[in-house]
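Right, one structure below, let's go through it.
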Amino acid sequence: MTLRQYTTRQPHLLTALQTLAQRAEYHLAVDTLLQELAGITVLVARKFTNERTAEGLLEAYYLTIGGLSLGLSLADIPHHAESELNFLLERGAEQIFQGGFRHLKSLSSLPAHSIVTGFDKDPFVIQRDLKDLFGKICRYDPNMTWTGDLDYQKEYASRLENKLHIECAKWLRKKNDTGPIIDTDLDAGAVISIAVIFAIIGDGRIVARTRQKEIESLIRRARQLQPDYETNWREMLTRIPSEFQIIVKKYMDECTIIKKILSDMALKTVVIEIQNYYAGIEQDVEYD
């Protein structure tokens, strides 16, 4: 039996402080840093936890360690213990913490998911999301391996992808066959899925929003024509901006409903599956 190996990573701030302790003259620098850390911790407690309780101050302390460590990890410097310590001593803890927090604010301005609603611009929602992101990425847990810097990079990549999906969906909406769709609410995944599904016919249309009757009509027509949908998809990709092609291609690769559309499965069953798992909020309600 082999034992699993665990890699222990400390926050960048703690590594820098350990490096400082190895220097011959460090007491003055330590006093200065401790004062700065105390000041930042109190400010964090007032804004994000509770400065009147021991638990609130301790939580703020863990957030301060993580926030400073994030600032150090994202600084444009060589990343080893000595260079990060020198940067910390030259710039000061407060400036580095502010730099890390600015990165968090920029991150929070990117979409956390590919669904857009009017609530996204509500000041309360924006502040709540920033607070959640701060705790998710920056909170240091002394009993666990530090991953805040890696979590930031993963979240940044994920949100950039969401932003690209939303931009792709907005482009499809502008090119919608029956005219541009103007609506503040948007489900990017549903928009792209609808466009991919309707592109199997190969009639050159871009459909970014649908309704039940149109879905039924598509299925009937597809079963009658039995189109070479992969060829039609390739043609569709040539008409889409290059930055969006990889996104749409991914939806094509994952669109398992096509075989059901072209099969003899009950039409109602296929329609319901498209409505529930693909069209989302991007379908207009019909009233008989």
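Among all residues of the range 44-65, there is at least one that is among the small types (Gly, Ala, Ser), part of a helix (DSSP H, G or I) and surrounded by fewer than 19 Cβ atoms within 10 Å (Cβ to Cβ).
Go through Glu230, Glu243, Glu282, Glu254 for me and flag whichever is among the acidic types (Asp, Glu), surrounded by 12 or more Cβ atoms within 10 Å (Cβ to Cβ) and modelled with pLDDT of 95 or more. Don't jump to the end; show me each part of the working.
Details: Glu230 fails: surrounded by 12 or more Cβ atoms within 10 Å (Cβ to Cβ); Glu243 fails: surrounded by 12 or more Cβ atoms within 10 Å (Cβ to Cβ); Glu254 fails: surrounded by 12 or more Cβ atoms within 10 Å (Cβ to Cβ).
Checking each option against the conditions leaves just Glu282.
With the condition kept exactly as written, say whether any residue in the range 177-192 is among the hydroxyl-bearing types (Ser, Thr, Tyr) and under 30 Å from Phe101 (Cα atoms). Steps first, please.
Our first condition is that a residue be among the hydroxyl-bearing types (Ser, Thr, Tyr); within the range 177-192, this holds for 178, 184.
Those left that are additionally under 30 Å from Phe101 (Cα atoms): 184.
Yes: the range 177-192 contains one or more residues that are among the hydroxyl-bearing types (Ser, Thr, Tyr) and under 30 Å from Phe101 (Cα atoms).
Scanning the range 130-157 for residues being touching a His at 6+ places or on another chain (Cβ under 9 Å) and surrounded by fewer than 19 Cβ atoms within 10 Å (Cβ to Cβ) gives a total of 1. Taking only pairs six or more apart or across chains, which ones have beta-carbon atoms under 9 Å, a first residue in the range 247-268 that is closer than 14 Å to Asn232 by Cβ, and a second residue that is β-branched (Val, Ile, Thr) and not in a helix (DSSP H, G or I)? Pairs that qualify, where the first residue is closer than 14 Å to Asn232 by Cβ and the partner is β-branched (Val, Ile, Thr) and not in a helix (DSSP H, G or I), are Val248/Ile240. For the range 91-118, filtered to residues that are of a type in the set (Gly, Ala, Ser) and part of a helix (DSSP H, G or I), the residue that is nearest to the chain's Cα centre (by Cα) is Ser108.
Counting residues in the range 113-134 that are at pLDDT below 95, assigned by TED's automatic domain parsing to the domain that holds Ala21 and among the hydroxyl-bearing types (Ser, Thr, Tyr) gives one or more. Against the test of being touching a Phe, Trp or Tyr at 6+ places or on another chain (Cβ under 9 Å), touching a residue at least 24 places away in the same chain (Cβ under 8 Å) and among the charged types (D, E, K, R), the options Glu94, Glu59, Glu84 yield a single qualifying residue, Glu59.
Within the range 44-55, take every residue that is in contact (Cβ under 8 Å) with a residue 12 or more places away in the chain and aliphatic (A, V, I, L, M) and give me the one that is farthest from Gln98 (Cα to Cα).
Applying the filter and picking the extreme gives Ala45.
The values are calculated or read from the model by the stated rules, or taken from the named source; none is laboratory data. Remember, it's a predicted structure, so these values are computed and weren't measured experimentally. Note that each Cβ is placed from the backbone with ideal geometry, even for glycine, and that neighbours are counted across all protein chains shown.
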